Amino acid sequence: MVRLSQLTAAMLGLAACLGAGTNAQAGEVNVYSYRQPFLVQPLFDAFTAETGHTVNMVFAQKGLIERAQQEGRLSPMDVLLTVDIGRLSQAKEAGITAAVNDPMINAAIPAQYREPDGHWIGLTSRIRVIYAAKGRVPDAKTLTYEALADPKYKGRICTRSGKHVYQIGLVASMINHHGVEGAETWLAGLRDNLARKPSGNDRSQVKAVWQGQCDLALGNHYYYLKMLAEPEQRAWAEGVEVIFPNQNDRGVHANISGMSLAAHAPDKAAALELMRFLVSQKAQEIYANANGEYPLRVGAAWSPALTTLGQFKIDPLSLQAISDQRGEAVLMTDRVRYDH
Ligand SMILES: [Fe+2]
């Protein structure tokens, strides 16, 4: 088995070659991935088996967009894989992505989840659910995001920092639905209901519910599955119900993981082949199974674990519309001093 450090070393070598003026070998796709290797390697293996192209991956939790920007025209990146509309928008704004208008991709992934010119394309969705303490929230089933600002929940809600991309995405969707003023009133109401100063990650909010610090928490849906699979976190998950809010109106807020074609892809044809593969039924099912997310391709099967969470309605608001309000959402979060 090739270790990641060897792959990274290979990529550095490749970058050096490009610097010397040679081209990447045809049939190789260089992926910069913010997604962990265990999530994406099975996809690359299936792609290689099907097409013969090899995939070189550079994985990092930070800095890949900046790196591609610095590399500029000499960047070996063909495809970027990442999560959250915040990161995908950042990549486009950094100028490191290219437009993709591909009939096969457009047919597979609904327009709601694609940048209008194809600078980013969603692959899977991640749902911002409400985690409700079992037995302590009688009206849990009919909760809405709006209701989280109701004074009856004062001192009963836990969330992570308002500055985190997951929270910014939700606030941006609220700005779309209620305007700046309406969303700000809501966000201030939610802040007033917090049981504690925002801290920790999504899982630690569920832990706080389990510990009795709060009755309601916001978090991405896949953490429920991950917590159930971890012996020391299982009790946290078992203490809550997963609530898909706003089911009687517009539907739940969904964010995405996605991909972009690199602006200076050395092998654009192979990159597009990989992108088409990633929206295929087969790849969508492999990917969604590995990461606990919902495949965006219409008709792709959900993993058995996801099926247990049941069906739900998703807000049809486009991810581009959410992206457009991210800047305002960041300012608003500061204005209401959400984290103080
Ligand atoms: Fe996450």
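Bear in mind that the values in this text are calculations on the coordinates, not laboratory data. Predicted model only: the values in this text are computed from it and were never measured. Cβ atoms come from the backbone with ideal geometry, glycine included; neighbour counts cover every protein chain shown.
Numbers below:
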| item | result |
| --- | --- |
| Mean projected area (nm²) of the alpha-carbon convex hull when the chain is viewed from all directions | 17.0 |
| Ranked list, fewest to most other Cβ atoms within 10 Å of each Cβ, for ASP45, ASP339 | ASP45, ASP339 |
| Förster radius 41 Å - calculated FRET efficiency between GLU241 and VAL298, Cβ distance, rounded to 0.05 | 0.90 |
| C-alpha center-to-center spacing [segment 89-161, segment 222-282] in angstrom | 10 |
| Zero-based 5 Å bins, Cα pair distances in segment 70-111, whole percents | 5, 17, 22, 29, 17, 7, 3 |
| Amide H within-cut-off set for CYS214, under 5 Å, with H built and near neighbours excluded | VAL209 |
| Likely footprinting exposure, TRP302, TRP210, fewest C-beta neighbours within 10 Å first | TRP302, TRP210 |
| Segment 247-340 shape via C-alpha gyration tensor axes, a/c threshold 1.5 | oblate |
| Prolate/oblate/rounded call for segment 165-218, Cα gyration tensor, a/c under 1.5 rounded | prolate |
| Set of lysines near LYS154 by C-alpha distance (under 30 Å), chain-local residues within fewer than 8 positions excluded | LYS134, LYS141, LYS163, LYS197, LYS207, LYS226, LYS313 |
| Distance cut-off 18 Å, percentage of C-alpha pairs in segment 87-232 lying past it | 64 |
| Whole-angstrom Cα spans of segment 25-134 along principal axes, big to small | 55, 33, 31 |
